Amino acid sequence: MKKVSIDRRRFIKLSTLSGGGLMIGFMLPGLPSFGQTIPDCEFFQPNALIRISKNGEVTIFVARQEMGQGVNTSLPMIVADELEADWKKVKTEIAPYGSMANGAHDTGGSQSVLTDYTTLRKAGAVAKAMLVAAAAKQWNISPDKCAADNGTVVNTTNMKTISYGELVCVAATLPVPAEVTLKSPKDFKLIGKEQKKSNLKDILTGKAKFGIDLKVPGMVYASIERCPVLGGKLVSVNDSEAKEVAGFIKVVTYEGTGKPMHVRPGVAVIATSFWAAEQARDLLKIKWDVGQGYKANTVELFNTMAVRSKQPAAIEKFKKGTVNPIKIASQNSHIAEYKEPFLAHATMEPVNFIAQVKGDNCEMWGGLQLPDWTVNQVAADCGFKKENIKVNLAMIGGGFGRRLHFEFAIEAVKIAKQLDTAVKVIWNRKDDIRFQGYRPANYHRLEASWSKSGELQTWYHHVLSTSIAVMTDGPQTPDPSENQGGAMADFYYKVPNVKTGYTNVDFNINRGWLRSVEICMNSFPVESFIDEVARKMKKDPLAFRLSLLDGREMFLVGEGPGAMKQYPQRIANVLKLAAEKIGYDRPRKKNHFIGVATHSFIFAKSYAAHAIEIELLGPKNFRIKRVVAAIDCGIVINPDGLKNQMEGGLAFALQQALKGEITIQNGKVDQSGFHNYQLLRYNEMPPVEIYTIASEEEPGGVGEVGLPTVAPALCNALAAAGYRPRSLPLKNEGFSWG
Amino acid sequence: MASFQLSVNNKSFSVEAEPDMPLLWVLRDMLDLTGTKFGCGVSACGACTVLINDHAMRSCQVSVKAAAGQTITTIEGLSEDGTHPVQKAWEKVAVPQCGYCQTGQMMTVVGLLKQNKRPTEEEIDAVMSQNLCRCGTYHRIKEAVHQVIEEINK
Ligand code: FES
Ligand code: FES
């Protein structure tokens, strides 16, 4: 058995741990050196993040990609707070790619706020210090007789003020201070106060430009027919009928790639409009050699996993004490198996990308969650020098991890190489649902035993899934269980003997990171199983959980600088808050049932619990009456953004619990649109309340923490009503809801 | 190719297009009105909703030929500066997350209220359940819809 230490999410490795992050004092090329007066200066730009113009307008550049999670508001708020800017005069812009250090644009894993928090504060503080120094110079007084406030500097002796705009020309000549003092959190003016999205007005008036809205002069359009089975090859294409479509330009073919992105071979129709390209594409006659991949079948995959789950895991993830296998459950032990399907991202903005190749140079336009990796891979797969690739980032109409993958960029460049104009590739909805890196299918076997006196003694969790790392790194990956582990070293319930392991079961479909990735995959079985165990022990599931959490000290997960802190008490606290707010202890109406679940999103330093009340309307027919979410994410930057993420997380997770499912037969994905990959709908959104634990801990990330406990809380409510769903989505288990 | 006269947002446009080209692509790619979004192309998401003669319609399902001569309103023409009551309610409630579906959501509400200023809860549910939002802003859409209804019936 191979032993692997705790894994961290790949995007964290790619960005923060590789020494990335933002750099302050980072001068933009072309600006004059310090100490010189700048004739006709128009603005002051002390670093790549902040520009203050003469009219007092403050532009804050946002390096992380905005895709609905609100970084274009929360990150500027952090800067503006230290800068003492007037928020009404703050504009935000996408930071040009290349203006920041490597890794600065990477967006994923709920990492933006927690990674950038201190750097952004410093950037704001540096600019403020320079503006204060400029005012002091102007007034010929000591800087400690000056204070910054709401876009002005105040002379604290005579209360005269001067606006930031009036100071830019002097500030621009001053040296950047090496050290700055940051505000005490109690003095925060913006952080912690609800702010609306910085681009709200643009969204509401239709002016906001997403990647799909961009145009490049001379641009043509492409629609692509891709090999239906992963690993297949193009045999032939006949475009004689397609050619007849008005607007048709030509057909371009390209070969697929292997790891990391698994671009499928494609036949792209180039046309003067996307509509024409689509029409012509329908008329293509293509022969594919699908290779051996056609054998892939999800029904068989789950059968294999079920059989394999009873055998020892291939990789040991975590071990504490002694855990012996339990073959048959007794009065003092319990066994359960759970399964969850492949899932698609299905972002509202269909995937799209623009590329243009001119000789040795390549330019790209669109949304990318990992632009650095994209550039490296496009260079490698398409034969460009990295420095000859230019990226123009765009706002993303829903990310959820879809654009951590970038096979669409490689495709677009492969096509652009064969054209002498820019090309915009748009994936239609069918393409989007049928071809992507899916959230892996997964299967779990859990076993637990307890003493006669009711003390939980052993906990065993065997996770089986179709590894993401095997797809991105190839079968030789150092850790196929990366992003997939079960309860590991971070397992928060107090149990003396714990053993967890992972087995990869390979399957011919690409896999990728979907919002909450492994935490969602594992919370469902873990938080369902603890509930099952409590019920079998005839204990209240809430009290039982708390007995295993309350009073438990913080412990470290992992070693060295990458070690993470796990706080069982914070996990208990959010659970208590959710239970209290839903009225867990109050008498319940007839046919009303409550389920709870809690967890820590350790990578994002956030904790959340859900309590869900359902009404049973008939056999296997229920209505969700109320959802209460409680969260502890340390210091909250934008309470409105936090609420948005928790509400949206609920909708996203409910879709997974109720109906989300990708199935594969003969190597082909069965689903092809919103009619058979159903999203949650307006009438299915339950009433939701969000409660936050006040905290002075460093801020955590909130983009994903709102998902993992939704499905188990709902299933635990159903268990209270007499059902125990162990397989998602619930639609397949005969449930209906209204 | 044929030539069509379109009336969009009180302006008249002449476009050369295949008669069955959906209005969606004419608006987005020819008239540069990109506030109307492509989400599915098959009437399954509502992102492309515009008003045609005051009815909310899926522009992915209306050919340019059928649209010619009708009165078309897109999000860009809903108000000069985002002050239509629906936009104002959306702003107040801070509905959007990524924002991609929101122009379609708002146009659907505008269409609904043009036909009926006091729709019942069931009517709202039936209409709004046809517009998808992957970010899950439904909770806020509901609140905003109720605010507009209250506002316009004052
Ligand atoms: S694009 Fe028209 S309904 Fe989806
Ligand atoms: S706000 Fe993102 S899809 Fe609705």
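What to note about this one:
- Of the beta bridges in chain A, as assigned by DSSP with both residues counted there, near 75 percent are antiparallel.
- Ascending count of other beta-carbon atoms within 10 Å, so fewest first, for B:D20, A:D670, B:D81: B:D81, B:D20, A:D670
- Partner aspartates and glutamates for B:K117 [C-alpha distance under 12 Å; skip if fewer than 8 residues away on the same chain]: B:E150, B:E151
- Of B:G39, B:G104, B:G69, the residue with the greatest mean-square motion in the GNM of chain B, using alpha carbon springs below 10 Å, is B:G69.
- Cross-link partners of A:K128 among lysines, defined as those whose alpha carbon lies under 22 angstrom from its own and excluding same-chain residues fewer than eight positions apart: A:K54, A:K88, A:K89, A:K91, A:K137, A:K145, A:K160, A:K183, A:K186, A:K189, A:K193.
- Using the Cβ-Cβ distance between B:T120 and A:A178 with R0 set to 51 Å, the FRET efficiency from 1/(1 + (r/R0)^6) comes to roughly 0.20.
- If only the Cβ of Lys and Arg carry +1 and only the Cβ of Asp and Glu carry -1, the dipole of the stretch B:2-74 around its Cα centre is close to 180 debye.
- Which of A:I624, A:S695, A:C520, positive extreme of dipole for chain A (C-beta unit charges): A:I624
- In this simple spin-label model, placing a label point 7 Å from the Cα along the Cα-to-Cβ direction at both A:K207 and A:V235 gives a separation of 5.5 nm.
- Maximal additional length on extending the A:A329-A:D670 stretch stands at 119.1 nm, based on 0.36 nm per residue less the C-alpha distance.
- Top positive-direction residue, dipole computed over chain A with Cβ charges, set A:T272, A:W139, A:Q111: A:Q111
- Links that overshoot a 24 Å alpha carbon limit, given the list A:K605/B:K142; A:K197/B:K88; A:K539/A:K581: A:K605/B:K142
- Straight-distance candidates among the lysines for linking to A:K287, with alpha-carbon spacing under 22 Å and chain neighbours fewer than 8 residues away dropped: A:K233, A:K243, A:K250, A:K295, A:K414, A:K430, A:K668.
- Dipole of the protein assembly as shown, positive direction: furthest Cα of B:C135, B:P85, A:Y723, with charges on the beta-carbon: A:Y723
- The stretch A:597-738 - percent relative contact order, Cα under 8 Å, separation 6 or more: 38 percent
- Just so you know, the Rg over Rh for the protein assembly as shown is 0.97, from Cα atoms, with Rh as the Kirkwood radius.
- Within a Gaussian network of chain B (alpha carbon springs, distance under 10 Å), most fluctuating of B:P119, B:P96, B:P85: B:P119
- Dipole magnitude for chain A: computed about the Cα centre from +1 point charges on Lys and Arg Cβ and -1 point charges on Asp and Glu Cβ, it is near 1580 debye.
- Rounded FRET efficiency, nearest 0.05, which uses the C-beta distance separating A:K145 from A:N55 and R0 of 30 Å: 0.65
- The calculated 222 nm mean residue ellipticity attributable to helices in chain B amounts to -10000 deg cm²/dmol, summing -39500 (n - 2.57) over DSSP H runs of n ≥ 4 and dividing by all residues.
- Here the peptides A:158-170, A:631-643 are ranked by packing, the mean other Cβ count within 10 Å, and the order with the highest first is A:631-643, A:158-170.
- The residues A:F274, A:F384, A:F524, when put in order of fewest to most other Cβ atoms within 10 Å, stand as A:F384, A:F274, A:F524.
- With the simple model of a label 7 Å out from the Cα in the direction of the Cβ, A:A380 to A:K536 spans 4.6 nm.
- Between A:A694 and A:Y294, the simple label model (points 7 Å from Cα in the Cβ direction) yields a spacing of 6.6 nm.
- Burial ordering of B:S63, A:S74, fewest other beta-carbon atoms within 10 Å first: B:S63, A:S74
- Of the GluC sites (Glu not before Pro) found in the stretch A:71-152, no site is in coil according to DSSP while having at most 12 other Cβ atoms within 10 Å of its Cβ.
All of the numbers you see were taken from the coordinates with simple rules; none came from a lab. Not measured: the values here are computed from a predicted model. Methodologically, a virtual Cβ is constructed for each residue, glycine included, from the backbone with ideal geometry; neighbour enumeration extends over all protein chains shown.
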